[in-house]
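Bear in mind that the values in this text are calculations on the coordinates, not laboratory data. Here the structure is a predicted model, which is why all the values come from computation and not from measurement. Cβ sites come from the backbone with ideal geometry, for glycine too, and all protein chains shown count toward neighbours.
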Amino acid sequence: MTQALIVINVLAFGLQQLFGDVLVQWFALWPLGSGLFMPWQLASYAFLHGSLTHLVFNMYGLWLFGSDLERVWGSRRFAAFFGISAL
């Protein structure tokens, strides 16, 4: 699960680099009154990153801590933890 989350984040960053502002407008988390808020943004924003450095350090942290948590808790519980943490 940790590896899958890292791959998803890297792919999302690649898409973000290709489609830039359009992707950010649809998937970043916007305030309720902004007119840009969509319900799926509560989950999708967790996969967006502001720069390559931001991505690298976040993925390092995910690998460093996530692999141990997944080993102790199992993939299903770790995935639930990741999802709840994003919310």
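Tabulated data for the structure shown
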| item | result |
| --- | --- |
| Expected 222 nm ellipticity per residue - DSSP helices of 4 or more, -39500 (n - 2.57), all of the chain, to 500 | -21000 deg cm²/dmol |
| Prolate/oblate/rounded call for the chain, Cα gyration tensor, a/c under 1.5 rounded | oblate |
| LEU23 versus VAL10: modelled label distance in nm, points set 7 Å from Cα along the beta carbon direction | 1.5 nm |
| Backbone HN-Hα couplings from phi across the stretch 15-28 [Karplus 6.51/-1.76/1.60, Hz, Gly and Pro as x] | 5, 5, 5, 6, 9, x, 4, 5, 5, 4, 4, 7, 10, 6 |
| Folded to 0 to 90 degrees: helix 52-61 orientation relative to the chain principal axis, Cα | 30 degrees |
| Anisotropy class of the stretch 1-45 from Cα gyration tensor, a/c 1.5 cut | oblate |
| Rounded to 10°, Cα long-axis angle of helix 75-86 versus longest principal axis of the chain | 40 degrees |
